[in-house]
Amino acid sequence: MNSSGILSITTFVYATAAFLYIFAWVFKKDFPGKVATWVASVGLAGNISGFILRWIESYQMGIGRAPLSNLYESLVFFALTIALIYLVIEQKYRNRTMGAFAFPLAFLALAYASLSPNISDRIQPLVPALKSNWLIAHVVTCFIGYAAFAIAFGLSIMFILRQRAKTEGSILKRFPEPRVLDELTYQLIMLGFLFLSIGIITGAVWANSAWGRYWGWDPKETWSLITWFVYSTLIHARMMRGWHGKRIAWLSIVGFMAVMFTYFGVNLLPGLHSYGASG
Amino acid sequence: MVKNETSPDPKNRIWMFFASVKLTVALLLTLAVTSIIGTVIPQNESPAAYVNAYGENLYRIFSVLNFFDMYRSWWFQLLIIFLTINVVVCSLERLPKTWKIVSVKVPPFNADRFRDDNSKVDFQSQRSVQTLRQAFEPFICKKFNYCRVEETDKGVLLFGEKGRWTRLGAYIVHMSIIFLLVGALIGSIYGFEGFVNIPEGQTVNQIRLRNSNEIYPLDFDIRCDRFSVSFYETGTPKEYRSALTILEEEKPVLQKDIIVNDPLSYKGINIFQSSYGSLPSESLTLSISSREPQLGFNFVKETKIGEPVELPDGKGSVVIQDYTNSAQFGGRSIGEAFIGVLTPKEGEPVQVILPLRFPNFDRMRQGDFIIAVQDYEKKFYTGLQVAYDPGVPVVYLGFIVMILGCFITFFISHQRICIEVIRAGNSSRVMVAGTSNKNKLGMQQKIKRISEKLQGMSQVNSPTT
Ligand code: HEM
C-alpha cells in the first residue's frame, strides 16, 4: 500500500478515536476513553508511518525530498503534531475529556487532506523556489506552533463551557478544573508562540536567501505577524495585567482564528505564497 | 510600574504614558487589526487598476489614507515607532528594579513564607538533624546552583535556588525587538533593492530600483554568460540557472552559477535569480512547401526578421515581421511564435502564425503553401534581483536573541526551595517547600518529587538509629 492509502485509513482511525473520546465524555464512561487512547495511538503510528513512507516514496520516484512542501503534506504533518502533543498531555494530566475537544482537530486536518477533492496527494517535484533546507525548518516549526495553538483552542472552549457548568452531575464537571485548563492553555500558547516565532524567523531567513529580502509584507507573512501580535497581546495581558480565565480563553480563540486564516484564508486573498489554493 | 497619573509634570506624564502596558496591549491589537487592510487591498498597484476595482470615490478615500502602500505609510510607521518607544521606556522603567533583584550576591530567604506555603510537604525521620543535613546538602546543592545552610535554635534550614537571572528574559525579548527595528532602519537608509534583466552574453553596470524605479549605478559590471532553464517531465520548472561573471574594469573577478536559493554575493551586494524570459529571436530557418506534392516544391531558407523570402517561380513572398512570447489564437495562448505575412502572386496577403510549440500549425490555414519554422536562434535574458542590506546582520542577531529570550521567558523559571529539619526528640521533622515565578503547577510537582527523594534518603541507610 502507498502512503496515501495508509493516511486514508488513518483518517478513519482518527475519526474512531475522536468519536470514542466524545462518547466517553458524554456518557461518562471510562472504558471507551481507554479504548480511545489506544485507537488514537494506533492512528498516530499510522500517521507517522504514512509520513515516513511518503518520504521514502519520493526517493523511489527520484524526487527525494521531505514531505513538507504542499497543502496535502502540511495537513498530514499538522494532524501528526496535534495527535502527538495531545497524547503527551493526556499522559501527563490523565484526563481524557480533553480528547473530545483536541482529537477531532487532528481528525479534521487529516480528513481535509485525504478527502477534499481540491487537494492533490500526488508527490510532485519541488519548484526552484522551494528547494531550500529552510523550507523544512520553516514548515516543521510553524506547524508545531499551529498544533499547540490548536489544542489551546480546544482547551479554551472547554474552559468557557466549564464556567457555565452549574449542576454537580453535569458532563462539564468531568473536565479538568478550570485552574488546570487555564494553566495548560497558557503553557500551550507559550509553546506555540515560541514555535510561531521560530517559524516566522526561518521563513524570513529563507526569503532572504531566495529573494534578497527577509520581509516583504506579502499577505501570508503579514497574517503570520497578525497572529503573532494577537498572541503577544495575550501574553502581555496575562503577565502584566493579570488576565486569567475567560478573557485569556477568548483571546486564545481569536488567536486560533488568525492561525486558521494564515493557513487557509490567505489563499483567498491576492498574493504569491507557495501553497496555492490547489496545493 | 509606578502609577503616577496625578503628577503635574508633563514630562513625567509622557514618560508614564509610554511606560504603560495598557499602551502595549492597545498598540499590539491596533497593529494586528490595521495590518489586515494591506492584505485585503493589493499593495502598490497602478492607480488605474484601483479606480477600476473600487470606483473613483473609494479610490480617493483609500488614497488619502495611504491604503495602497500602507506598510510604508506615516501612520503605520508611527504605530511602530510608538511600540518601540513603549518597549524602551517600559524596560528602562522596570529594569533597575529587576536588576536589583537579579544582581544580589546573597539571595535573601524568608523562611516564614515557605512555612506558610500550602503545598509544602512534611515528613518524619528517625535520623538526627545533622545526619539529614549531611545527606540533603549535597543533593540540594547539586540540583540548585545556589545553596546555603543556616543553623537555627530548632534545627537547620537549607535553601536552594536557581534561575534568578531568568527574570531578565522579557528584557532579552524586548532587546531583540529593538535589534530588529534598528536592523530594518539601517536597511531602509543604507540599503537598496532593485532588479535588472541581462540578455545572454551581455554586460550591465546599473540596475533599476524597485520602489522608486530610478536607475542605480553599480561600481562593477555583471555579465550573464549563459542562462538555462530545465523542466521536470510534468512540465513544471526544475531549475533556473544563470552563469554570471563579475567584472572590475573589464577584468573578471568572480564567476558563479546562481540558482534560486543560492545567490552570488559580491562586496556585500547579493544577486539573486528571480525571473527570466526569451528574447526576440533574430534569425531563423523556414521550411516552405506546397500543399499539393505533385505540383511541388519543398525548400528551406535561412532568414532574418524583416527580410523577405521569395518563393520559387515567382509565386510570391513571405516575410517574418515579428517574434512574440505569447501569441494568441482563437482566444487561447499558444506560446512563443513568429508572425509573418505571406503575399502570393495572386490574391490578398495573409497573416501566418508560426508557433514554436506546434510545428504543423500552418497546415490548418489550408493555404497553397505550408510554412514552418525549422530552426531558430534561441536566446534568453536572465532576470536578477540585486539587493544590498547592511541591516541584515543586526536583524539576524535580533532573531537569535528573540528565540533565546522567548525560551528563557517561557520555560526557565526562578525556582527556590526551602528545607527545614527540626529536632523532635531523637528523631527529626522535615518540611519541604518551594516557589517559582512561573509554571507553579510544575513547581508543585517538582517539590513532591524532591521530597520523595529526600524521604528515601532519610530512611534507607539507617532505619534504626
Ligand atoms: C512586540 C513588541 C513588544 C512590545 C511593544 C512589548 C512591550 C512590553 C511592555 C511595555 C512591557 C511592560 C514593561 C516591562 O516589564 O518591561 C512588557 C512586558 C513583558 N513582555 Fe513585552 N513587548 C513586546 C514583545 C514581547 C514578546 C514577543 C514577548 C515574548 C516573550 C514579551 C514578553 C514580555 C514579558 C514576559 C513581560 C513581563 C515582564 C515582567 O514580568 O517584568 N514581550 N512588554
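The values are calculated or read from the model by the stated rules, or taken from the named source; none is laboratory data. Quantities reported herein were computed from a predicted structural model and do not represent experimental measurements. Every residue, glycine among them, receives a Cβ derived from its backbone with ideal geometry; neighbour counts consider all protein chains shown. To get the accessible areas, we keep the full protein, side chains included, count just its heavy atoms, and leave off ligands, DNA and RNA. Shrake-Rupley method; radii C 1.70, N 1.55, O 1.52, S 1.80 Å.
Computed values, structure above
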quantity: Residues of the range A:231-265 satisfying the condition of being open to solvent by 10 Å² or more (accessible area, probe 1.4 Å) and of a type in the set (Val, Ile, Thr); calculated: A:Ile235, A:Ile253, A:Val254
quantity: First in the range B:407-425 and within 17 Å of B:Cys141 (Cβ to Cβ), second anywhere and at pLDDT 95 or above, Cβ under 9 Å, 6 or more apart; calculated: none
quantity: Within the range B:11-28, considering residues that are touching a residue at least 60 places away in the same chain (Cβ under 8 Å) and away from chain A (no Cβ under 14 Å), the one nearest to the ligand (Cβ to nearest atom); calculated: B:Phe18
quantity: The range B:21-34, subset more than 21 Å from B:Tyr71 (Cβ to Cβ) and at pLDDT 85 or above, residue most open to solvent (accessible area, probe 1.4 Å); calculated: B:Lys22
quantity: Output for the range B:396-416, where each listed residue is more than 10 Å from chain A (Cβ to nearest Cβ) and in contact with a helix residue (DSSP H, G or I) (Cβ under 7 Å, 6 or more places away or on another chain); calculated: B:Leu397, B:Val401, B:Leu404, B:Ile408, B:Ile412, B:Ser413, B:His414, B:Gln415
quantity: Search result, residues across the range B:72-92 that are near the ligand (Cβ under 7 Å from one of its atoms) and over 13 Å from B:Leu181 (Cβ atoms); calculated: B:Cys90, B:Ser91
quantity: Filter result (in a helix (DSSP H, G or I) and exposed (fewer than 13 other Cβ atoms within 10 Å of the Cβ)) within the range B:361-377; calculated: B:Met364
quantity: Residue under evaluation B:Lys446, criteria (1) open to solvent by 10 Å² or more (accessible area, probe 1.4 Å); (2) closer than 25 Å to B:Asn110 by Cβ; (3) away from chain A (no Cβ under 14 Å), criterion not met; calculated: (3)
quantity: Every residue from the range A:144-158 that is open to solvent by 10 Å² or more (accessible area, probe 1.4 Å) and either more than 16 Å from the chain's Cα centre (by Cα) or farther than 17 Å from A:Ala100 by Cα (or both); calculated: A:Ile144, A:Tyr146
quantity: Output for the range A:207-223, where each listed residue is open to solvent by less than 20 Å² (accessible area, probe 1.4 Å), at the interface with chain B (Cβ under 7 Å from one of its Cβ atoms) and of a type in the set (Gly, Ala, Ser); calculated: A:Ala210, A:Gly212
quantity: Those residues of the range B:48-66 which are within 14 Å of chain A (Cβ to nearest Cβ) and either open to solvent by less than 30 Å² (accessible area, probe 1.4 Å) or of a type in the set (Val, Ile, Thr) (or both), in sequence order; calculated: B:Tyr50
quantity: Test: residue in the range A:29-38 that is under 16 Å from the mean Cα position of the chain (by Cα) and surrounded by fewer than 24 Cβ atoms within 10 Å (Cβ to Cβ); calculated: no
quantity: Hits in the range B:173-192 - residues which are open to solvent by 40 Å² or more (accessible area, probe 1.4 Å), among the β-branched types (Val, Ile, Thr) and within 15 Å of the ligand (Cβ to nearest atom); calculated: B:Ile178, B:Val182
quantity: Residues (more than 16 Å from the ligand (Cβ to nearest atom), at pLDDT 90 or above and open to solvent by 40 Å² or more (accessible area, probe 1.4 Å)) located in the range B:398-426; calculated: B:Arg416
quantity: Single match in A:Tyr231, A:Tyr214 (criterion: away from the ligand (no atom under 11 Å from the Cβ), assigned by TED's automatic domain parsing to the domain that holds A:Arg162 and of a type outside the set (A, V, I, L, M)); calculated: A:Tyr214
quantity: Residue in the range A:129-138 that is within 14 Å of chain B (Cβ to nearest Cβ), over 25 Å from A:Ala237 (Cβ atoms), not aromatic (Phe, Trp, Tyr) and not in a helix (DSSP H, G or I) present; calculated: yes
quantity: Subset of the range A:50-83 (residues that are over 18 Å from the mean Cα position of the chain (by Cα) and of a type in the set (Ser, Thr, Tyr)); calculated: A:Ser58, A:Tyr59
